[in-house]
Amino acid sequence: MRFAVCVFPGSNCDYDTYYVIRDVLGKDVSFVDYTVGKLHGYDCVVVPGGFSFGDYLRAGVIASKTPLGNAIAEFAHRGGLVLGICNGFQILTELHLLPGALLKNKNRRFLCKDVYLRVENNSLLFTRKFERGDVIKLPIAHGEGRYYVPEEELRLMEERGQVVLRYCDEDGQTTEESNPNGSVSNIAGVCNRGGNVFGLMPHPERASEDLLGYHHGIIFWHSLIS
Amino acid sequence: MKVKVLILPRKGLLDPEGRAVKEMLLENGFSVRDVRVGKLVELEVEEDTDVKAIAERFLVNPLVEEYIIE
């Protein structure tokens, strides 16, 4: 399985992602620069976290208008697997590959901490090694992670299983207190209708080794490569 | 010519920045009902430039923002 890790000016989780794929998983991975307008020969494209183009105008929008942005959209439309983490999630919503938008956190703070998440859909290639309802712990690090989608669209997304992860407490209850950024319906991760594009605000690539004190990030990668 | 695109968060959507400014003004004795904080993009363009297209395709996310061209 061949991975691509997208690199935009301001990406800063690109090396973490590359490291996990190459050194932890032992898989083939290449960096792809934002000036490159095609993505051929890859099975999975990862759009990593960071502050692409300084988050100017809106987080993710400038990256979405680059040659690589267009190539990601084309790759996704061909059915390729696309994973967007944090800023990568923001870029995928700006590309309209995923529904909704990510707004400034409700409490106006940059949040850098661990959160609990409930796995709502384990039928994706990204999540199939989880059980539905699993409660997992991952770190978040974002200032603009408040997921928003209009009510009507949210209802359709629920029906189609597009809500993949929800913020919850340690017991798996989706309370207001466990919602760090004010996202609608505690949403932390969503997929497209085809299930081949997945975006999430938490960082599995920072939580993929037991040594770091996390045991769940690696499961996303194992789901992908199994 | 110079064209201004004023971008604001959609009404009804929580605007944390606007809320912070509102709270500041209330605490300083000004009775404001609502505050929204947006951004201003000033473009220097030819007369026939399609500013609406620029706004809708690049500058504004219509899902969460509204805009005025001046």
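What the table below lists for this structure:
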{"quantity": "Which listed residue, of B:32, B:3, B:37, is within 12 Å of another protein chain (Cβ to nearest Cβ) and either among the β-branched types (Val, Ile, Thr) or part of a loop (DSSP other than H, G, I, E, B) (or both)", "calculated": "B:37"}
{"quantity": "Enumeration of residues in region A:60-108 that are outside any helix (DSSP H, G or I), among the β-branched types (Val, Ile, Thr), farther than 16 Å from residue A:193 by Cβ and away from every other protein chain (no Cβ under 14 Å)", "calculated": "A:85"}
{"quantity": "Test for residue B:57: is it within 12 Å of chain A (Cβ to nearest Cβ), without any contact (Cβ under 8 Å) to a residue 12 or more places away in the chain and either not hydrophobic (A, V, I, L, M, F, W, C) or not in a helix (DSSP H, G or I) (or both)", "calculated": "yes"}
{"quantity": "Of all residues making up region A:40-55, the number that are in contact with a Lys or Arg (Cβ under 9 Å, 6 or more places away or on another chain) and either farther than 18 Å from residue A:77 by Cα or touching a residue at least 40 places away in the same chain (Cβ under 8 Å) (or both)", "calculated": "4"}
{"quantity": "Whichever residue in region A:135-162 is crowded, with 17+ Cβ neighbours inside 10 Å, in a loop (DSSP other than H, G, I, E, B) and not small (Gly, Ala, Ser) and, among such residues, is farthest from the other protein chains (Cβ to nearest Cβ)", "calculated": "A:162"}
{"quantity": "Which numbered condition residue A:190 misses (of (1) within 12 Å of the chain's Cα centre (by Cα); (2) of a type in the set (A, V, I, L, M); (3) more than 13 Å from residue A:117 (Cβ to Cβ))", "calculated": "(3)"}
{"quantity": "Enumeration of residues in region B:20-48 that are within 21 Å of the chain's Cα centre (by Cα) and closer than 19 Å to residue B:68 by Cα", "calculated": "B:34, B:35, B:36, B:37, B:38, B:39, B:40, B:41, B:42, B:43, B:44, B:45"}
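Quick grid of which residues meet (1) surrounded by 12 or more Cβ atoms within 10 Å (Cβ to Cβ); (2) within 25 Å of residue A:153 (Cβ to Cβ); (3) out of contact with any Phe, Trp or Tyr (no Cβ under 7 Å at 6 or more places or on another chain); (4) of a type in the set (Asp, Glu):
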site: B:24; (1), (2), (3), (4): yes, no, yes, no
site: B:28; (1), (2), (3), (4): no, no, yes, no
site: B:34; (1), (2), (3), (4): no, no, yes, yes
site: B:38; (1), (2), (3), (4): yes, yes, yes, no
site: B:42; (1), (2), (3), (4): no, no, yes, yes
site: B:54; (1), (2), (3), (4): yes, no, yes, no
site: B:63; (1), (2), (3), (4): yes, yes, yes, no
site: B:66; (1), (2), (3), (4): yes, yes, yes, yes
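Values quoted throughout were computed directly from the atomic coordinates according to the rules given, and no laboratory measurement underlies them. What you are looking at is a predicted structure, and each value in this text was computed from that prediction instead of being measured. All Cβ positions, even for glycine, are placed from backbone atoms using ideal geometry, and neighbour counts span all protein chains on display.
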